[in-house]
Amino acid sequence: MRKPLIAANWKMFKTPAEAVAFTDAFIPLVAAQHHADIVLCPATTSLSATIEATRNTNVHIGAQNMHWLDNGAYTGETSPLMLTAIGATHVLIGHSERRQYFNETDETVNLKLKAALAHNLIPIVCVGEQLAEREAEVTAEVLQRQVSAALTDINPARATPIVFAYEPVWAIGTGRTATPQIAEEAHKIVRAQIAVSLGAELAASIRILYGGSVKPDNAASLYAVADIDGALVGGASLDPTSFAQIVINSVA
Ligand code: PGA
């Protein structure tokens, strides 16, 4: 009942020409894959080109970040209004690299989540513990805090589109993937906290993706975990064949 969602996070990679070369190769590889929602999140400067290149296909385009206000004196920022105006449909919120390097906090994640919902952007909210937190055995507390802060004052009636991504920080870009057991345990904690914030019915329908060194050869075993509803993929999403294989391997 939860349709898988497989999202590519290209981070600070690919010019518009490189992004379109990717979509040209990628679209035919996944044209028959209707079991999952497929989303590419290019850098801001490649959003328009990829939106044009994927028009009338089953591939959707999202931003990697946004401000929560529509307009203002915020040099360098992009607003939800600007993203919807060019046809973006999704947005990543609270990626650990934004939390780590760009002062993203639980509070700004909450503001951005509210703004995304107000603008009909599908938000993919990233949560996850750092290595030191896992070693200190506070993973559950960290996830509960991040999820409950993200969902503060969110109207359950508007919450259906929300997607979460559990990304253990120690697994991002390190080649160290969480085992299916570790991921399952974390996803259960995230889903239980969603239930506390939004109710059991919504918690059962909201998708929770796994992210952190997802590759074509581990996608199927991760996806086999009942509580994993898709993937957020960094490094392995930069190559069209590899990302297409991850999409194809995410069949239940
Ligand atoms: P990775 O990145 O797949 O390269 O580990 C995942 C992410 O940061 O979303």
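The values are calculated or read from the model by the stated rules, or taken from the named source; none is laboratory data. No experiment lies behind these values; they were computed from the predicted model shown. Positions of Cβ are generated from backbone atoms using ideal geometry, with glycine treated the same way; all protein chains shown enter the neighbour counts.
Points to keep in mind about this one:
- A count restricted to segment 197-221 and to residues that are more than 21 Å from residue 122 (Cα to Cα) and away from the ligand (no atom under 15 Å from the Cβ) stands at 2.
- Residues of segment 173-203 that turn out to be β-branched (Val, Ile, Thr), over 17 Å from the mean Cα position of the chain (by Cα) and not in a helix (DSSP H, G or I), as a count: 2
- Any hit, segment 58-67, residues being farther than 27 Å from residue 98 by Cα, without any contact (Cβ under 8 Å) to a residue 40 or more places away in the chain and in a loop (DSSP other than H, G, I, E, B): yes
- Restricting the first member to segment 215-233 and to residues that are assigned to a loop (DSSP other than H, G, I, E, B), and the second to residues that are at pLDDT 95 or above and within 12 Å of the ligand (Cβ to nearest atom), the beta-carbon pairs closer than 6 Å and six or more apart or on different chains are 215/236; 228/210.
- Residue in segment 158-172 that is nearest to the chain's Cα centre (by Cα), counting only those that are closer than 30 Å to residue 119 by Cβ and near the ligand (Cβ under 10 Å from one of its atoms): 165
- Being under 21 Å from residue 39 (Cβ atoms) and either surrounded by fewer than 21 Cβ atoms within 10 Å (Cβ to Cβ) or more than 16 Å from the ligand (Cβ to nearest atom) (or both) is a property that residue 58 has.
- Annotation: residue 123 fulfils all but one of (1) at pLDDT 95 or above; (2) surrounded by fewer than 19 Cβ atoms within 10 Å (Cβ to Cβ); the unmet one is (2).
- The residues of segment 115-172 that are assigned to a helix (DSSP H, G or I), touching a Leu at 6+ places or on another chain (Cβ under 6 Å) and under 29 Å from residue 236 (Cα atoms), listed by number, are 150, 170.
- Candidates 129, 167, 133, filtered to the one that is under 18 Å from residue 64 (Cβ atoms), at pLDDT 95 or above and among the acidic types (Asp, Glu): 167
- In segment 234-252, of all residues being away from the ligand (no atom under 15 Å from the Cβ) and not in a loop (DSSP other than H, G, I, E, B), the one that is surrounded by the most Cβ atoms within 10 Å (Cβ to Cβ) corresponds to 244.
- Residue selected from segment 91-112 under the condition in a loop (DSSP other than H, G, I, E, B) and surrounded by 19 or more Cβ atoms within 10 Å (Cβ to Cβ), by the criterion farthest from the chain's Cα centre (by Cα): 104
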